Amino acid sequence: MTESLPPSMHQDLEAWEREAAAYWDRLTRSPEVLDRVGQQIARTLESQQRIVASLQKMAWGPAPLPARELTLLERLSQQIESLADRIDRLETRLHNE
Amino acid sequence: MSDEGDLIRRWVELWGSGMRQVWEHYLASQETILAQGRTLVAQTPAAVVHTEGRLRLLHYHPVTPPAVRVPVLCVPSLINHYYIMDLTPERSLVRSLLERGLDVYMLDWGKATPTDHHRTLDEYITGLLRRCVQVIQHESGQRDVSLLGYCMGGMMAAVYTTLYPQDVRTLVNLAGPVNYHDDGIYSHWARRLDVDRLVDTLGNIPADLLNVTFRLVRPTNELVQALNYWERQHDESFIRVFSAMQLWTSDPTPFPGEAFRKYIKDLYQDNLLSQGRFRINGQPVDLGRVTTPALTIAARKDHIAPWQSVAVFHDLIASADKDLIVLESGHIGMVIGAGAHAELWPRLGVWFLDHTS
């Protein structure tokens, strides 16, 4: 399958990647870019806070669960994970046999 | 130095001359890669000797008669799975230590869930980590243990040693930074982060968000990985390690919200640890009080924990018996790369034996 690629592909890609990574690194360190990204993240988080608050006010949203429910959910989730682990182990054994 | 236009033009050429099929093949193989990875990771036999919520403490079965009695506890990062230190049977730091006759335990923090949102960094270190050490002391009958912390786990092991020096016989800090005002990209990003808003909105920092952040450090690297996968798809040994690594890198665990808040604010933003002003449960953490024999291992190509920020730990501690190794690899390669076999693991094993016999 590798025959169809030009012989210099690996070298060319690595050279390109090094330069692209250096360009990206400079870009993502620039204070202007970081400020703009930071502002965008802040707006997104603010919107999310407002949406959740509005939904809760209208009784549609995910109201904070009482501690007991959280504990029960946690326990249930642990049981599911433990079952998933057992299935994974069984699959591994089947795969190895 | 290439400009944007030149980089785009050259990328279009690469795409047209074969990278398109390479990339499509790589994307189509993702499920197979991850499925194979799942069958390979964390295979060294161990017993679970303690659990607490999601946390598990693993005790590995010995493979040779014990050479020393002091147990080694491996402390991984809170946000990546522990099995980076037991990646595949042929690339396992744990197995290498066992083969040298060391008694090895592993702390698996488990995946944080919404109920872990309020867990603080203080609780992880003085509660969960401390209880694991106590279980090991009880089980092994030894007064103290050796700590081997990797990445964020290196910082946690170092902090633990300042708080409970009587528990720690030797300390290895593997790529755990203690200076956070460096030129690394995470330092630049974290210092501008509105961490309160993030934690107040999201609670735990989701694994998907962490995954994207890790990839954003060098997004083009995945193209080289795709080409490696294409070129070496019939090299079984390569594919095994590649699949396990892909699984590990694509599967971080959520960062518990309150722990994240303190980690970013106190360490990355205020850089308190290296100045001796960091506090855990109100107690000052002074690295200058560490007198335990200590080994610091940094990697020169580490983009996550720049080597100078790790190596400064060696300078700050007061241990009379201390060593510093700077490897020529990267953050992950230093633990599971082919060179780790030849260089890091044997040196680590010998160091433990020399300091605990």
| task | Answer yes if at least one residue in the stretch B:239-259 is surrounded by 17 or more Cβ atoms within 10 Å (Cβ to Cβ), of a type in the set (Phe, Trp, Tyr), modelled with pLDDT of 95 or more and out of contact with any Gly (no Cβ under 9 Å at 6 or more places or on another chain), and no otherwise. | result | yes
| request: For the stretch B:1-40, enumerate the residues that are among the aliphatic types (A, V, I, L, M), more than 10 Å from every other protein chain (Cβ to nearest Cβ) and closer than 14 Å to B:TRP248 by Cα. | output: B:ILE33, B:LEU34
| query | B:GLU52 versus (1) within 14 Å of another protein chain (Cβ to nearest Cβ); (2) closer than 21 Å to B:GLY149 by Cβ; (3) crowded, with 16+ Cβ neighbours inside 10 Å; (4) of a type in the set (D, E, K, R): which is the lone unmet condition? | reply | (3)
| request: Name the single residue, out of those in the stretch B:283-306 being surrounded by 24 or more Cβ atoms within 10 Å (Cβ to Cβ) and either part of a helix (DSSP H, G or I) or small (Gly, Ala, Ser) (or both), that is nearest to the chain's Cα centre (by Cα). | output: B:ALA305
| task | Considering each residue of the stretch A:3-24, count those that are at the interface with chain B (Cβ under 7 Å from one of its Cβ atoms) and among the charged types (D, E, K, R), and give that number. | result | 4
| query | Does the stretch B:192-232 hold any residues that are surrounded by fewer than 17 Cβ atoms within 10 Å (Cβ to Cβ), of a type in the set (S, T, N, Q) and touching a residue at least 60 places away in the same chain (Cβ under 8 Å), and which are they? | reply | B:GLN225
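Answer yes or no as to whether B:VAL241 is away from chain A (no Cβ under 14 Å) and either closer than 30 Å to B:ASP321 by Cα or in a helix (DSSP H, G or I) (or both). Lay out the reasoning, then the answer.
Working: away from chain A (no Cβ under 14 Å): yes; either closer than 30 Å to B:ASP321 by Cα or in a helix (DSSP H, G or I) (or both): yes.
So B:VAL241 fits the description; yes.
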| message | Any residue that is at pLDDT 95 or above, under 22 Å from the mean Cα position of the chain (by Cα) and not in a strand (DSSP E or B) - is there at least one of those in the stretch B:49-62? | response | no
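The values are calculated or read from the model by the stated rules, or taken from the named source; none is laboratory data. These figures come from a predicted structure and were not determined experimentally. Every residue, glycine as well, gets a Cβ built from its backbone with ideal geometry; the counts of neighbours run over all protein chains shown.
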